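A.B. asks: There's a structure below that I have some questions on.
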Amino acid sequence: MSSSWEEFEELIKQEMRKIYSEAAIEHSMNPKNLGELEDADGFARVIGPCGDTMEIWLKVKNGTIAQATFLTDGCGTSIASGSMTTELAKGKSIAEARKISQENVLNALGGLPEESEHCALLASNTLKEAIKDYLAMKKEPWKKAYHKHIGH
Ligand code: FES
């Protein structure tokens, strides 16, 4: 990578720092847990009021979220929110992860501009739905096969 590219990247970051926290920039530019999870134990796709979609996949072991991944077609802050939400969920028990709120995501991101706060809500709502899906599948395991069939 040429140094001029790095300088350019640094320049963009400087501009972004005027609006976003360091954590929000980092999670939108280098998102964690991006992509689909094979054979997930829980999955949800939620469309936010802005029309953007977030998807979250969960792998659960002994009642703990072993792995959480996401995809979104939304903006940079929705990427940062999905990244942070899945990071917060990993390693937590289902009961704890269920409580992860928009506020928790915003705090962990060091805040977002007011007009982007709903991106964190979309991410925390998607996590809640994915957990609901996990719990439903636990009760009725045949649903898992059905999920596979429809490509989740
Ligand atoms: Fe829709 Fe960010 S999730 S604007």
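A.B. asks: I'd like to know if region 1-11 contains one or more residues that are hydrophobic (A, V, I, L, M, F, W, C), more than 16 Å from the ligand (Cβ to nearest atom), in a loop (DSSP other than H, G, I, E, B) and modelled with pLDDT under 95.
C.D. replies: Scanning region 1-11 turns up at least one residue that is hydrophobic (A, V, I, L, M, F, W, C), more than 16 Å from the ligand (Cβ to nearest atom), in a loop (DSSP other than H, G, I, E, B) and modelled with pLDDT under 95.
A.B. asks: Confirm whether residue 47 is without any contact (Cβ under 8 Å) to a residue 24 or more places away in the chain and touching a strand residue (DSSP E or B) at 6+ places or on another chain (Cβ under 6 Å).
C.D. replies: Numbers: without any contact (Cβ under 8 Å) to a residue 24 or more places away in the chain: yes; touching a strand residue (DSSP E or B) at 6+ places or on another chain (Cβ under 6 Å): yes.
Here the answer is yes, as residue 47 does meet what is asked.
A.B. asks: Looking only at region 60-73, filter to residues that are under 16 Å from residue 47 (Cβ atoms) and of a type outside the set (Asp, Glu); which one of those is nearest to the ligand (Cβ to nearest atom)? Don't jump to the end; show me each part of the working.
C.D. replies: Our first condition is that a residue be under 16 Å from residue 47 (Cβ atoms); within region 60-73, this holds for 70-73.
Keeping just the survivors that are of a type outside the set (Asp, Glu) gives 70-72.
On the way: 70: 12, 71: 12, 72: 7 Å.
It comes out as 72.
A.B. asks: Tell me which residues, restricted to region 41-58, are more than 13 Å from the ligand (Cβ to nearest atom), of a type outside the set (Lys, Arg) and in a strand (DSSP E or B). Please lay out each step first, then the result.
C.D. replies: Of all residues in region 41-58, those more than 13 Å from the ligand (Cβ to nearest atom) come to 41-45, 56-58.
If we keep only those that are of a type outside the set (Lys, Arg) as well, we get 41-44, 56-58.
Result: 42, 43, 44, 56, 57, 58.
A.B. asks: Moving on to the next point. With respect to the numbered conditions (1) more than 16 Å from the ligand (Cβ to nearest atom); (2) buried (at least 21 other Cβ atoms within 10 Å of the Cβ); (3) closer than 17 Å to residue 48 by Cα, which one is the sole condition not fulfilled by residue 116?
C.D. replies: The failed condition is (1).
A.B. asks: Between a residue in region 74-92 that is closer than 15 Å to residue 22 by Cβ and within 15 Å of the ligand (Cβ to nearest atom) and any residue that is part of a helix (DSSP H, G or I) and not small (Gly, Ala, Ser), which pairs come within a Cβ distance under 6 Å, given they are 6 or more apart or on different chains?
C.D. replies: Listed pairs, sorted by first residue: 77/119; 80/27; 83/27; 84/27; 84/105.
A.B. asks: Restricting to region 50-71, name every residue that is closer than 21 Å to residue 131 by Cβ, out of contact with any Leu (no Cβ under 6 Å at 6 or more places or on another chain) and in contact (Cβ under 8 Å) with a residue 40 or more places away in the chain.
C.D. replies: Within region 50-71, 52, 58, 60, 70 qualify.
A.B. asks: Check every one of the helices (runs of 4 or more DSSP H) wholly within region 94-152 and list those with 2 or more residues that are modelled with pLDDT of 95 or more.
C.D. replies: Numbers: elements: 94-97, 102-108, 117-139, 142-149.
Fully inside region 94-152 and qualifying: 94-97, 102-108, 117-139.
The values are calculated or read from the model by the stated rules, or taken from the named source; none is laboratory data. What you see is a predicted model; the values in this text were computed from it and never measured. Ideal geometry is used to build each Cβ from the backbone, glycine not excepted, and the neighbour counts take in all protein chains shown.
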